[in-house]
Amino acid sequence: MKEIGVALIGYNFMGRAHSNAYRQVVPFFAPRLTPRLKVLCGRNASAVRAAAARLGFEEWSTDWREVVSREDIGLVDVSTPGDSHAEIAIAAARAGKAVLCEKPLANTVAEAKAMLKAVTRAGVVHMVCHNYRRVPAVMLAKRIIDEGRLGRIHHYRGTYLQDWLVDPDFPLTWRLQRKVAGSGALGDLASHSIDLARFLVGEISEVAAALETFLKERPLEGRPRKRGKVTVDDAAAAVIRFENGALGTIEATRMAAGRKNQNRFEINGSLGSLAFDLERLNELEVFFRSDPGNVQGFRTVLATEAAHHPYVKAWWPPGHALGYEHTFVHTIHDLLEAIADHEVPRPSFADGLANQRVLDAMERAARTKRWVRVPSR
Ligand code: SOE
């Protein structure tokens, strides 16, 4: 059983989701490379030590620079806030390690370019953790589109709605600070909708956009009497044109009261339509104009039949639903197989750079109130 030593940098929400995936991928998928949870890295010694014990890592460290160069590490997983993605991923690439980086790839296009250059020059495997590509129902949408069963795509309509920031007393965490997070709902959530748009419909050529910050200041973490300035968007709304002529909209917010993690898309083509909602992630709504007139209508496919849907056979019988955490297991399974084959999986850092270019174009469009073309290189 060939092993690959994993160094995970970051141990909060994404660190937990990734750790769970490294543990689950072995009993359920038996990958050719067995991930060994060697070292968990973070800034706070007592917190990272406790997290390492809880998440099943052999060691812990507060020095990522030392960790990424260790001989016993083959894969560096960057699950930190966006302002450290570039320096960690570039150091890991230069040390010859495979790199998995959380989304969005970076906080700027320049950083994303440098990251892609580093992994390409080092010849290492690289991947961005846009985990929703590997929801079986999303893979079904991709297959239906690629088989031409929707015909020519006219519309992509992506919305990613959460409400964890609607409380004005929610403190000024790092996701609300531009210098750390790079942007707000735009990079955190719209980046997922952009990735799905690129995955399912094609490259985005031009955008118009608006950003808004509804709550301009919030209480400081741990010092609720003091308040600090919010420096990112609370909400983003964009109109997008695709190179293939399709037209779309993307909207993202973390202040849609009642929406918890509603990453949704609807795609309309000349022969039919598809609709997906992450809050019902085992299902895909389909409509085909070819259906007999008296039974035409949207119908719901439960994407849990192993014979028809990827990844499912590793889990449960039909109807025994999958969840959010399974999308990370699927992503890390495919990453491990790509490393074993010395291939670069999708989405790669090149996809991450393309995503960053759309995010940047949206910010420029919002600032200038003009349409902005998305550079292709
Ligand atoms: C917070 O908005 C968050 O954790 C995002 O950062 C993730 O990418 C998304 O999948 C769930 O919500």
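Relative contact order for the stretch 2-132: 23 percent, from Cα pairs under 8 Å spaced at least 6 residues apart, divided by residue count.
Counted over the stretch 200-305 with a bin width of 10 Å, the fraction of Cα pairs per bin, in whole percents, is 12, 28, 31, 17, 9, 3, 0.
How many percent of all Cα-Cα pairs in the stretch 2-132 sit more than 20 Å apart? Don't jump to the answer; show the numbers that get you there.
Numbers: 3349 of 8515 pairs.
That tail contains 39 percent of the Cα-Cα pairs.
Restricting attention to the stretch 2-132, lysine pairs at least eight places apart or on different chains and with alpha-carbon atoms under 28 angstrom apart total 9.
Computed from Cα atoms alone, the Kirkwood hydrodynamic radius reported for the chain is 21.4 Å. Net charge near Lys97: determine it from the other residues with C-beta under 15 Å of the C-beta of Lys97, scoring Lys and Arg +1 and Asp and Glu -1. With Lys, Arg at +1 and Asp, Glu at -1, the neighbours total 0. Quick one: check the C-alpha center-to-center distance for the stretch 17-95 versus the stretch 224-260, whole angstrom. The distance from the Cα centre of the stretch 17-95 to that of the stretch 224-260 comes to 30 Å. With Cα atoms defining each centre, the stretch 309-377 and the stretch 189-219 are spaced 14 Å apart in the structure. Note on Leu55: accessible area approximately 10 square angstrom, rounded to 10, probe 1.4 Å, nucleic acids and ligands left out.
Judged by the mean number of other Cβ atoms found within 10 Å, the most tightly packed of the peptides 204-213, 91-100, 181-190 leads the ranking 181-190, 91-100, 204-213. Comparing His342, His326, His155 in a Gaussian network model of the chain (Cα springs below 10 Å), the most mobile by mean-square fluctuation is His342. With the charge dipole of the chain set up from +1 on Lys and Arg Cβ and -1 on Asp and Glu Cβ about the Cα centre, the Cα lying farthest toward the positive end among the listed residues Phe28, Leu335, Val207 is that of Val207. Straight-line reach only, C-alpha to C-alpha below 25 angstrom: list the lysines that Lys226 could link to, leaving out same-chain residues fewer than 8 apart. Within the straight-line cut-off, Lys226 pairs with Lys179, Lys216.
One quarter of the surface of the convex hull around the alpha-carbon atoms of the stretch 20-73 equals 4.0 nm², the direction-averaged projected area.
All C-alpha to C-alpha distances of the stretch 251-351, sorted into 5 Å bins beginning at zero, yield P(r) values of 2, 10, 14, 16, 18, 17, 13, 6, 2, 1, 0 percent in whole numbers.
What number comes out for the charge environment of Thr34, summing +1 per Lys or Arg and -1 per Asp or Glu over other residues with Cβ under 13 Å away?
Local charge sum for Thr34: +3.
Working from Cα pairs under 8 Å separated by at least six residues, relative contact order for the chain is 20 percent.
Over the residues of the chain, the helix contribution to mean residue ellipticity at 222 nm works out to -10000 deg cm²/dmol, using -39500 (n - 2.57) for each DSSP H run of at least 4. Take each peptide in 356-369, 248-261, count the other Cβ atoms within 10 Å of every residue, and average; sorted highest first, the result is 356-369, 248-261. Pairwise Cα distances in the stretch 124-265 exceed 24 Å in 38 percent of cases.
Peptides 162-175, 131-144 ranked from most to least packed, by the mean per-residue count of other Cβ atoms within 10 Å: 131-144, 162-175.
The values are calculated or read from the model by the stated rules, or taken from the named source; none is laboratory data. Computed from a prediction, not measured in an experiment: that's the story for all the values here. Heads up, the Cβs are rebuilt from the backbone with ideal geometry, glycines too, and the neighbour counts pull from every protein chain shown. With ligands, DNA and RNA removed, areas are computed over all heavy atoms of the protein, side chains included. Shrake-Rupley method; radii C 1.70, N 1.55, O 1.52, S 1.80 Å.
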